[in-house]
Amino acid sequence: MAHVCEYLIIHCIDFRFIQALQEFMESEGLTGACCDIVSMAGAGKNIVSPGEEKERDVFLAQVDISKKLHHISKIYLVQHMDCGAYGGHAAFTSLEEEVSFQKDQLTQAKKILENRYADISVIQILAHITDDGVVSFEKVKI
Ligand SMILES: [Zn+2]
């Protein structure tokens with residue numbers, strides 16, 4: 001029997017939104033039984049603006065394996081606010097600037113992935129985290 005799943009979820013390692021992300025994914029109809037998961041600090045940063053080239057290689061190798069072994073056709077790419085890989089809130093002059101930047105990261109990552117994998121579509125998600133730890137998810141459209 002082939003091991004096939006439709007979705008790959010790629011998100012940052014940050015513990016602050018993982019539980020909420022699982023609940024969001026279940027609300028999208030995705031459970032642990034039907035998706036691969038890759039967790040890397042900074043998520044899309046690893047292909048858009050990696051600190052070192054090897055980070056891009058590791059990221060893409062995981063996607064390659066998920067596609068080859070499980071034949072995924074959709075990727076949920078999750079970026080989040082106050083991400084330490086980008087320097088957190090402190091790296092931006094306002095929340096609006098940070099939101100705009102993260103949406104641009106999502107767009108660039110989507111283009112890179114959809115150019116590399118012609119038969120995969122990328123769904124862009126931005127996770128917002130309040131100072132009280134409340135998490136909400138925004139589907140970003142190009
Ligand atoms: Zn992060």
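Under the condition of being among the hydroxyl-bearing types (Ser, Thr, Tyr), in contact with a helix residue (DSSP H, G or I) (Cβ under 7 Å, 6 or more places away or on another chain) and surrounded by 16 or more Cβ atoms within 10 Å (Cβ to Cβ), the residues counted in region 90-123 number 1.
Considered as a group, the residues in region 124-142 that are over 17 Å from residue 9 (Cβ atoms) and touching a helix residue (DSSP H, G or I) at 6+ places or on another chain (Cβ under 7 Å) include one that is surrounded by the most Cβ atoms within 10 Å (Cβ to Cβ), and that residue is 129. Residue 17 falls short on exactly one of the conditions (1) within 11 Å of the ligand (Cβ to nearest atom); (2) out of contact with any strand residue (DSSP E or B) (no Cβ under 6 Å at 6 or more places or on another chain); (3) not aliphatic (A, V, I, L, M), and that condition is (2).
What about residue 113, is it within 14 Å of the ligand (Cβ to nearest atom), touching a Leu at 6+ places or on another chain (Cβ under 9 Å) and either outside any helix (DSSP H, G or I) or in contact (Cβ under 8 Å) with a residue 60 or more places away in the chain (or both)? For residue 113, the condition - within 14 Å of the ligand (Cβ to nearest atom), touching a Leu at 6+ places or on another chain (Cβ under 9 Å) and either outside any helix (DSSP H, G or I) or in contact (Cβ under 8 Å) with a residue 60 or more places away in the chain (or both) - is not met. Picking from 29, 42, 87, which residue would you name as being exposed (fewer than 15 other Cβ atoms within 10 Å of the Cβ) and within 17 Å of residue 129 (Cα to Cα)? Exactly one residue qualifies, and that residue is 87.
Each row is one residue, and each column tells you yes or no for (1) more than 13 Å from the chain's Cα centre (by Cα); (2) among the β-branched types (Val, Ile, Thr); (3) more than 22 Å from residue 21 (Cβ to Cβ).
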{"site": "90", "(1), (2), (3)": "yes, no, yes"}
{"site": "103", "(1), (2), (3)": "no, no, no"}
{"site": "107", "(1), (2), (3)": "no, yes, no"}
{"site": "118", "(1), (2), (3)": "yes, no, yes"}
{"site": "130", "(1), (2), (3)": "yes, yes, no"}
{"site": "135", "(1), (2), (3)": "yes, yes, no"}
{"site": "138", "(1), (2), (3)": "no, no, no"}
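Every read-out reported here was derived from the displayed coordinates using simple, explicitly stated rules and does not represent laboratory data. Predicted, not measured: the structure shown is a model, and the values here were computed from it. Positions of Cβ are backbone-derived with ideal geometry, glycine not excepted, and every protein chain shown enters the neighbour counts.
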